[in-house]
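Asks: Below: one structure in C-alpha cells.
Where a number appears in this text, it was derived from the coordinates with a stated rule and is not lab data. Note that this is a predicted model, so its numbers are computed, not measured. Heads up, the Cβs are rebuilt from the backbone with ideal geometry, glycines too, and the neighbour counts pull from every protein chain shown.
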Amino acid sequence: MLNSDSQIAILGTGNMGGCLLGGIRRASLVPPNQIIITGQRADHLNSIADEWGVNWTIDNHKAISNADVIMICLKPQTIERVVEKICGSLKKSQLIITIAAGVTTAQITEMISNENPVVRVMPNIASLVDEGAAAIAIGRYANEEHKNIAAQIFEAVGRVVFVKESLLDAVTGLSGSGPAYIYMVIEALSDGGVKMGLPRDVAMDLAAQTVLGAARLIQETGQHPAVLRDQVLTPGGTTIAAVHDLEIRGLRSMLISAVETATQRSRELRDRK
C-alpha cells in the first residue's frame, strides 16, 4: 500500500489527472513533495502545483525516475507516443496505472516491452466531486498489492469495484457513459417541472436532489431499486400512474439499450487499435 515514502508521478494533468491529484492530496495518501505532475503547459502545471504543493515538470523521463507509481492520465490517441518515449527509463518494480479507454493492459505491456505491473482503471466524470465510480482490472504482471494501491487511489474520489478486463467495455457503457444518461433524465425531470409551473431553478434543484437522494438510498440500504420503488407507490396514486406511463413509453428498454450500444461502441474502438 501507499505510505509516506511512496512516490507518485502523474503523466497528464488534465481534468481526470487533476481530479486524481486532488483526491490523493485530500486523502493524504502521500506527502505533497512525493508527487510530481507533468503536462505540456508550464503555466498550467505551475498553477496546479502551487494549489496542491506538489512538484511539476514537462519532462516525463524526469517525472518517472524515482516514482513507485506512474499514473498515465492521457487520451487514448496520445498514450502510445508517450509510453514508447518513456519505456527505456522504466524500472520493473514501477506500477503503471492507466485510465485510457480502449487501451488494454496487454497493449501497454507490449508498448513498454517490460514486465512492469499494469493496472487499468475505468473511472467516470463524477470523480471530479469525489462521487466517482471506478472499475479496476489488473494486467498479467500485477498482483493483489498492485490492485490494492489502485483501489487506495481511486477510493479517494469515489467507489471502486474489481472486474475482469474483458468487462471494462461494459463498465464504459454503464458507469463511464452513464452520467450522460442521468444528465438527460435530470434535464427531462426539470423540464417536466417547468411545464407544470415550477421556476427553472427550483425544478432543476429538485430534479438533481431527487436523483442524488434516490441513489444514496440504494447505496445505504442495500435494497433492490424495485423494493424502494414499491415503497413510493400508493394504490391508485400519482406515482403508479406515472410509472405505468414510463413502462408504456419504454424508459427501461431505452436505458438498457443505451448501455448495450455504448458497450458495443467501446469494443469497436478497442478492436481498431
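Asks: How long is the chain along each principal axis, judged by its Cα atoms, biggest number first, in Å?
Replies: 68, 39, 31
Asks: Another question, then. Sort 65-71, 203-209 by packing, meaning the average of other beta carbons within 10 Å per residue, with the highest value first.
Replies: Details: 65-71: 20.7, 203-209: 16.3.
Ranking, from highest mean packing down: 65-71, 203-209.
Asks: Restricting attention to the alpha-carbon atoms of the stretch 166-273, what are Rg (one decimal) and Dmax (integer), both in Å?
Replies: Here Rg and the maximum Cα pair distance are 16.5, 54 Å.
Asks: Could you work out how far the C-alpha centroid of the stretch 20-93 sits from that of the stretch 217-273, in angstrom?
Replies: Cα centroid of the stretch 20-93 versus Cα centroid of the stretch 217-273: 39 Å apart.
Asks: Quick one: what do you get for the stretch 209-262 if you divide its Cα Rg by 2.2 N^0.38 Å? Show your work: numbers first, answer last.
Replies: Details: Rg = 12.9 Å, N = 54, 2.2 N^0.38 = 10.0 Å.
Here the Cα radius of gyration is 1.29 times the empirical estimate.
Asks: Additional query: Quick one: of the DSSP bridges fully inside the chain, what percent are antiparallel, nearest 5?
Replies: Values: 4 of 27 bridges.
The antiparallel proportion sits near 15 percent.
Asks: Would you mind counting up the charge near L212? Only other residues with Cβ under 11 Å from its Cβ, with Lys and Arg at +1 and Asp and Glu at -1.
Replies: Details: positive: R216; negative: E131, D205.
Local net charge: -1.
Asks: With +1 on the Cβ of every Lys and Arg and -1 on the Cβ of every Asp and Glu, and nothing else charged, how large is the dipole of the stretch 4-159 about its Cα centre, in debye rounded to the nearest 20?
Replies: Numbers: 13 positive and 15 negative charges, 48 e Å.
It works out to roughly 220 debye.
Asks: How big is the stretch 32-110 along each principal axis, measuring the range of its Cα positions in Å and listing the largest first?
Replies: So the extents along the principal axes, rounded to whole Å, are 36, 26, 17.
Asks: Determine the dipole magnitude for the chain: charges of +1 sit on the beta-carbon of Lys and Arg, -1 on that of Asp and Glu, nothing else is charged, the reference point is the Cα centre, and the result goes in debye to the nearest 20. Please report the intermediate quantities before stating the final value.
Replies: Values: 25 positive and 28 negative charges, 101 e Å.
Once rounded to the nearest 20, the dipole reads 480 debye.
Asks: Same structure, new question: For the stretch 76-138, what's the relative contact order in percent, using C-alpha pairs closer than 8 Å and at least 6 residues apart?
Replies: Answer for the stretch 76-138 is 31 percent.
Asks: Whole-Hz ³J(HN,Hα) for each residue in the stretch 2-10, computed from phi via Karplus 6.51 cos²θ - 1.76 cosθ + 1.60 with θ = phi - 60°, x for glycine and proline: what do you get?
Replies: Once rounded to whole Hz, the list reads 5, 9, 5, 9, 5, 10, 10, 10, 10.
Asks: Could I ask something else about it? Which percent of Cα-Cα pairs in the stretch 9-153 sits in each 5 Å bin, short to long?
Replies: Binned Cα distances yield the sequence 2, 10, 21, 25, 23, 14, 5, 0.
Asks: Can you count the Lys pairs in the chain whose Cα atoms are under 18 Å apart, with each pair 8 or more apart or on different chains? Each step should come with its number before you reach the end.
Replies: On the way: K62/K85; K62/K91; K62/K92; K75/K85; K75/K273; K92/K147; K147/K164.
Summing the qualifying lysine pairs gives 7.
Asks: Kirkwood Rh, Cα Rg: Rg to Rh for the stretch 113-206? Mind dumping the intermediate values first?
Replies: Working: Rg = 18.2 Å, Rh = 15.2 Å.
Rounded to two decimals, Rg over Rh is 1.19.
Asks: Helix 15-26 versus the longest principal axis of the chain: what angle, 0 to 90°, nearest 10, using Cα atoms?
Replies: With rounding to tens, the tilt is 80 degrees.
Asks: Now for a different question. Quick check: the angle from helix 42-52's long axis to the longest principal axis of the chain, C-alpha only, nearest 10 degrees?
Replies: With rounding to tens, the tilt is 70 degrees.
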